[in-house]
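The values are calculated or read from the model by the stated rules, or taken from the named source; none is laboratory data. If you're wondering where the values come from, they're calculated on a predicted model, not measured in any experiment. Here the Cβ positions follow ideal geometry from the backbone for every residue, glycine too, while neighbour counts run over all protein chains shown.
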Amino acid sequence: MPGYRRWLLLRAGGVVFVLWAAATITFFALRLIPGDPAEAILGGPGSQAGPEALEQVRREYGLDQPLVVQYLTYLGRLVTGDLGQSYSLHKPVATAIGEQFGATLTLALCSLVLAWALACGLAAWSVRGGRVAWAIGSGLELVAAAVPHFWLATVLILFFSLTLGILPPVSVPGPLGIVLPALTMAIPLAGFLGQVMRESLLTAMESPFVTTARARGESEVRIFWRHTLRHAAIPAIGLSGWAFGSLISGAVVVESVFARQGLGRSLLSAVQLRDVTLVTGIVLVVALAYTVMTLVTDLADRAVDPRRRAVVE
Amino acid sequence: MPSRRFSRPRAAVVVTAAVALLLAACSPGGGTASEPSSEPVAGGTLTYASGDAEPSCLDPHVGGNYPQALIATQYLESLVSLDDDGEVIPWLATEWTESDDGMAWEFSLRDDVTFTDGTPFDAAAVAANIAHVQDPATASSTGYLALAKITDVVAVDDHTVRLELSAPDSALLESLSQVWVAMESPKALERSQEDNCAAPVGTGPFVVDEWERQDSVTLVRNDDYNSPPADAEGTGLPYLDSIVWRFIPDSASRYAALQSGEAQVIDNAQPDTIKSAESDDAIEELDAPRPGASNRIELNSGKAPFDDERVREAFIRSVNVDDGIQSLFFGTAERSYSPLSSVEPLGLSLPDLFTVDTDAAANLLDEAGWAERDADGYRVKDGKRLTLDFPVSTNQSIPAEQSLFEQIQADAKTAGFEVNLHPLDLSSWYGALAENDYDLVSAPYTKVGPDVLRILYHSDSITPAPSGYFANLAQVDDAALDDLLTRASATSNADDRESMYEQAQRIVLDGYYILPLYDQQNHFLYSSAVQGLRAMPTVSTPTFAGAWLVS
């Protein structure tokens, strides 16, 4: 299958290019903003760094070198798999990311699954319920897709933690702690997935094979799960790679609000502290996860839609 | 997706309705505070939720900021402490004498204290700690500055240590009381910085047990604890089994965690939260203004237009700060008229200098040559608009303070000043200061004692460090003031010191270099189940050494 191999090679090249571009843009963007990283490392409110301390920090982290030298040194180390040393955490970047990545991945995957469940559930309900249900479902999706994470998080905390008192307002060990953060990220995504599904659902429902199925006497719900969902899901699956990326960026807000461990919080504090190596490291890991996820969705797309297999192979 | 365009108004309606429903559903939780029992109860785990950034190092020698001080207060102790009146009292040192020429201090140390790794506390430990803070490899900033005048540490005997100075230092004891120069086990200090940052070893009531990054630090009771400061009630062991120190950056989540019982103590309580907690019997407040400088706006006298004192006075006379503080802080912050915090015994307050007088301000601006106004109503001189750049650190200024700056901006506009607020993250903010790219700025500074005035207003502090950062942001350059501050930091006569610091503050206030706002706000909210909590009179960090939980 030369076509398939070429496709795979192209994709792999694309991954490398994305990673390089992400590292380069992040590196320079952070270094071109005014502000001295050495001061940020030592400083902070109410402290005045001594000149010796600053010199020491500059030497230790190579900040006294020209920017281009710092960049090339950095790229050279990246190629060998060394993400460098985080100066805001006093530890290797790889270790710092390793400690936090699991939490974010768990959150993102839980949210993705929950979002799909919510989107399919709502779609199934609104197919069965007729015109009114369709309108309500569509309205809910619009609202869900529009709400910002920080607002939704606050509302969910107010309702589930302070009013009902059944879920903790901040992350705690165990499965209970992940419910509200995952829900916060899943609801807007479900709204978005639902909207995308709905359009193709509409097209599919008017296609001849559905008419045939109806003529056979199949119920609307059965038609939905057996036939139309497959059609409706294709564009939404294509979006799951993108959705995964958006979940990781959503984690910045959600992890902070719920005080959860994770890369999003690391990223936020690293940006504020101008910890270039840590920011770049996180961006690289996220870019990698994103490209891998896109690859996976492409494969999933083929699995769901036999026509795609025929076209590419 | 064209449908999005239509969704907005509909979404707004639904969202508004949802909020209304939710708010209606959230009736205020009835406060059923149990009667505080007077007998302390041992045991239990307390959860502390901090709104500050998680420290990158738990050893406050490294760097040296307030979040580090907050947590390190639980496991590290200093040579001396302060009592509620600001008097220096014994802690790990039992007594001390200053040599006649002020060039050396001798401290007698307690001989019955051990660090939690078993290392004895002695003169060699003091020497190792001072060396650690002064070692450039430690990258200490706050502690380094506090110990700057110490040139040598001599162990006279096992439990007597002599500090030799480069110049007399009347602030030495106050400096040593700060947790940024607290005593750590010399054996532990020999480990790598990464290890020492993860679990510093002290003599304090608690011990660092585990640090789960971006989640929590677990502190457990020091079962051999025997070294509380001289003003502590009781000498016994801490009551709590452990403290879980969490980091919850979002203010609303932090308060929700307190309300729902996930946390028993929270810091960085915002004005609106404090206000709403007032009506909740199950929640108490601890207001512990930080020592050192008050929160104030510095007027950059180092360049136009504020190099003209008349323009500075005009600005200060034009803006109504009182009303803004009232409405934005809900009565939780009291207006300050001093360069120093209200907890500093030597603080001088001159309210008369800060009464609003827009007519006088207008006359001053006319005199200073800013007589004309342009089409937008701003004053101009030689075709140049009266513009002020105000970089605002969004890390340091809480939302209420940022709103206050906006009100000041509006007041100043009426008077003909164009104030440009620039919200910046910490590094960019440092950058703007280093470039001298500001006319107004507000920067906190925490330090025990009036010597903070020397750091903030001595002309030496205009000379930037190699990084470009400098502490004298008002760029006050006054020989008489320099002389007063230098002599005050060297004198050992308490009356002279008091009088010199008073004159120094008068120069700063009279010269309209600063617009004091309020103390550095430091509000804690805690469950009424927590008893025996107090703030250290040194840097106002809460201590749990004598705290217990009512079951």
Going through the stretch A:60-94 in order, the residues found to be surrounded by fewer than 19 Cβ atoms within 10 Å (Cβ to Cβ) and β-branched (Val, Ile, Thr) are A:Val68, A:Val69, A:Thr73, A:Val79, A:Thr80
Do you know which residues across the stretch A:10-25 are of a type in the set (Val, Ile, Thr) and either at pLDDT 85 or above or under 16 Å from A:Leu278 (Cα atoms) (or both)?
A:Val16, A:Val18, A:Thr24, A:Ile25
Please give the number of the condition B:Val343 fails out of (1) under 24 Å from B:Thr387 (Cα atoms); (2) buried (at least 17 other Cβ atoms within 10 Å of the Cβ).
(1)
Mind telling me which of the residues B:Val419, B:Val392, B:Val448 ends up being of a type in the set (A, V, I, L, M, F, W, C), free of Cβ contacts under 8 Å to residues at least 60 places away in the same chain and either over 22 Å from B:Gln475 (Cβ atoms) or more than 14 Å from chain A (Cβ to nearest Cβ) (or both)?
B:Val419
Test: B:Leu365 is more than 14 Å from chain A (Cβ to nearest Cβ) and in contact with a Pro (Cβ under 7 Å, 6 or more places away or on another chain):
no
Among what's in the stretch B:129-144 and is over 9 Å from B:Gly64 (Cα atoms) and more than 7 Å from chain A (Cβ to nearest Cβ), pick the residue that is nearest to the chain's Cα centre (by Cα).
B:Val133
Say we look at the stretch A:55-94 and pick out the residues that are of a type in the set (D, E, K, R) and more than 14 Å from every other protein chain (Cβ to nearest Cβ); which of these is nearest to A:Thr24 (Cα to Cα)?
A:Arg77
Among B:Val181, B:Val208, B:Val201, B:Val217, the single one that is in contact (Cβ under 8 Å) with a residue 60 or more places away in the chain, in contact with a Pro (Cβ under 7 Å, 6 or more places away or on another chain) and crowded, with 20+ Cβ neighbours inside 10 Å is B:Val208
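Out of A:Val283, A:Val296, I need the residue that is surrounded by fewer than 23 Cβ atoms within 10 Å (Cβ to Cβ), out of contact with any Phe, Trp or Tyr (no Cβ under 8 Å at 6 or more places or on another chain) and closer than 25 Å to A:Ala153 by Cα. Which one?
A:Val283
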Within the stretch B:135-156, considering residues that are of a type in the set (Ser, Thr, Tyr) and over 14 Å from B:Ala171 (Cβ atoms), the one modelled with the highest pLDDT:
B:Thr151
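Residue by residue through the stretch B:310-329, note down the ones that are among the charged types (D, E, K, R) and under 19 Å from B:Asp437 (Cα atoms).
B:Arg312 - this is the single residue of the stretch B:310-329 that is among the charged types (D, E, K, R) and under 19 Å from B:Asp437 (Cα atoms).
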Can we say A:Gly129 is surrounded by fewer than 18 Cβ atoms within 10 Å (Cβ to Cβ) and within 14 Å of chain B (Cβ to nearest Cβ)?
no
Are any residues in the stretch B:429-474 over 21 Å from B:Ser336 (Cβ atoms), in a helix (DSSP H, G or I) and either at pLDDT 90 or above or touching a Gly at 6+ places or on another chain (Cβ under 9 Å) (or both), and if so, which ones?
B:Trp429, B:Tyr430, B:Gly431, B:Ala432, B:Leu433, B:Ala434, B:Ser459, B:Ile462
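Within the bounds of the stretch B:430-439, is there any residue that is under 30 Å from B:Ser166 (Cα atoms) and in contact (Cβ under 8 Å) with a residue 40 or more places away in the chain?
No, the stretch B:430-439 has no match at all.
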Of everything in the stretch B:412-442, what is within 24 Å of B:Asp272 (Cα to Cα) and crowded, with 21+ Cβ neighbours inside 10 Å? Give them in sequence order.
B:Ser442
Exactly one of these conditions fails for B:Leu517: (1) of a type in the set (A, V, I, L, M, F, W, C); (2) surrounded by fewer than 22 Cβ atoms within 10 Å (Cβ to Cβ); (3) under 23 Å from the mean Cα position of the chain (by Cα). Give me its number.
(2)
Given (1) buried (at least 20 other Cβ atoms within 10 Å of the Cβ); (2) within 30 Å of B:Lys447 (Cβ to Cβ), index of the condition B:Ser349 fails:
(1)
Do you know which residues across the stretch A:76-117 are outside any helix (DSSP H, G or I) and out of contact with any strand residue (DSSP E or B) (no Cβ under 8 Å at 6 or more places or on another chain)?
A:Thr80, A:Gly81, A:Asp82, A:Tyr87, A:Ser88, A:Leu89, A:His90
Among the residues of the stretch A:249-264 satisfying the criterion of being small (Gly, Ala, Ser) and outside any loop (DSSP other than H, G, I, E, B), which is nearest to the other protein chains (Cβ to nearest Cβ)?
A:Ser256
For the stretch B:275-284, does any single residue satisfy the condition of being within 20 Å of the chain's Cα centre (by Cα) and more than 14 Å from chain A (Cβ to nearest Cβ)?
no
For the subset of the stretch B:175-192 comprising residues that are within 13 Å of chain A (Cβ to nearest Cβ) and out of contact with any strand residue (DSSP E or B) (no Cβ under 9 Å at 6 or more places or on another chain), which member is nearest to B:Ala125 (Cα to Cα)?
B:Arg191
In the stretch B:247-255, is there at least one residue being hydrophobic (A, V, I, L, M, F, W, C), in contact with a strand residue (DSSP E or B) (Cβ under 6 Å, 6 or more places away or on another chain) and farther than 18 Å from A:Thr163 by Cα?
yes
Condition set small (Gly, Ala, Ser) and either crowded, with 23+ Cβ neighbours inside 10 Å or over 29 Å from B:Val220 (Cβ atoms) (or both), scope the stretch B:257-274, selection nearest to the other protein chains (Cβ to nearest Cβ): answer is B:Ala257
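May I ask you to verify whether B:Asp366 is out of contact with any Lys or Arg (no Cβ under 6 Å at 6 or more places or on another chain), under 15 Å from B:Arg310 (Cα atoms) and surrounded by 14 or more Cβ atoms within 10 Å (Cβ to Cβ)?
yes
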